[in-house]
Ligand code: ADP
């Protein structure tokens, strides 16, 4: 079974054609600067060199056409016709309270995604444009929407409500939603598989540490708490996002720097995090290198980052009355042994004992705590596209 996975932004479209039976990516790539001068198309067939070429794409429909042509190209393509594809899976960032699982797309679903677009104004409109373009160009294929928020919909009101006047929840649905849900779901399932346990018996903390970072408490396979909120700004320190701060900082800076509220929010989203602290980079490889070379702020940024992750793990140990497993995933979680070590150094009181050799031995799926100790600590490479493909297939089978 083959699924075309589409992740659409306002001016970009990432795609992967996944053979779900073999767990392989047949081809993948990206359309950039859609509707902007100098739009670019990238295509990489499994086992071949990446191709990149300037290709005019005046809208997302053009972009989808270019993707279809590349996939079915007699020379460099991977399928002979669209008939070989079983379904299309779309990543949609925000499903609001309406969607707690992936769904097949129809007019009513499109309307519901549109209805929650004010909760994700930078993301949902892009996804909708991509969905409409695919429906037009591939009318015979079933299309599914897979939501970043869906996995977190099992949180109870005690975890998702903000302690602000309740009318704002009633009127505007202001609450914690959480993001990266596809990754948290996938990684918690893989954690159970690697430990050879039934997920129903496990209390797992999933640390998704990428450019954006979030952490979740998963009890018996269900999310009971997560660090991102109404938007992805809350929670952990990230590459360019502040994560948790005192909300009064916003009005304080507005007054001192003569900024609008939106301008401060932009600073908190795009110029903060480890980039804001160090002025060096949002990329952890640069921060780690600078810290090694003696840059004190880089060292402080790494310490602050690890402390925030450790504090959330402690909080989630309380929320779940214990932890059986801690799983690290995404760019930093999978690759940065130093950050994992710094986080785990705080967690001896929970029983965590890292196996330093395992911790430093690459980025493959594995247990990195001392055998027989609890909680188990694992590295689990995330695979959001495969998860989207599998969720899509479950709807069309
Ligand atoms: P995104 O949220 O964009 O999907 P990723 O999951 O790819 O992000 O994570 C990007 C982060 O992972 C960057 O900060 C990068 O520095 C970090 N990273 C990637 N590879 C390594 C590595 N080998 N060592 C340390 N950090 C890494």
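Results, tabulated for the structure shown:
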| quantity | calculated |
| --- | --- |
| Added length on full extension, which subtracts the Cα-Cα distance from 0.36 nm per residue, residue 211 to residue 40 | 59.3 nm |
| Kirkwood hydrodynamic radius (C-alpha pairs) into Stokes-Einstein, region 1-150, 37 °C and 0.692 mPa s, D in µm²/s | 211 µm²/s |
| Relative contact order of region 162-263, pairs being alpha-carbon contacts under 8 Å that are 6 or more residues apart, as % | 20 percent |
| Percentage relative contact order, the chain, counting C-alpha pairs under 8 Å, at least six apart | 14 percent |
| Full-extension gain in nm, residue 54 to residue 366, via 0.36 nm per residue minus C-alpha separation | 108.3 nm |
| Residue with peak Gaussian network fluctuation, the chain [Cα springs, cutoff 10 Å], from 264, 205, 377 | 264 |
| Tail weight of P(r) past 27 Å, computed on alpha-carbon pairs of the chain, percent | 53 percent |
| Label point distance in nm, residue 222-residue 104, each placed 7 Å from Cα along Cα→Cβ | 2.7 nm |
| Gaussian network model of the chain, Cα within-10 Å springs - most flexible of 243, 294, 95 | 294 |
| Rel. contact order, % - alpha carbon contacts under 8 angstrom, at least six apart, region 188-236 | 27 percent |
| Cα-based Rg and Dmax for region 201-263, where Dmax is the largest Cα-Cα distance (Å) | 15.3, 53 |
| Max mean-square fluctuation residue, GNM over the chain, Cα-Cα springs under 10 Å, options 292, 195, 141 | 292 |
| Estimated FRET transfer efficiency when R0 is 56 angstrom, pair residue 164-residue 80 (beta carbons, to 0.05) | 0.50 |
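Readers should treat all values here as calculations from the given coordinates under stated rules, not as data from a laboratory. Here the structure is a predicted model, which means the values were calculated and not measured. Glycine gets a Cβ as well: all are built from the backbone with ideal geometry, and neighbour counts include every protein chain shown.
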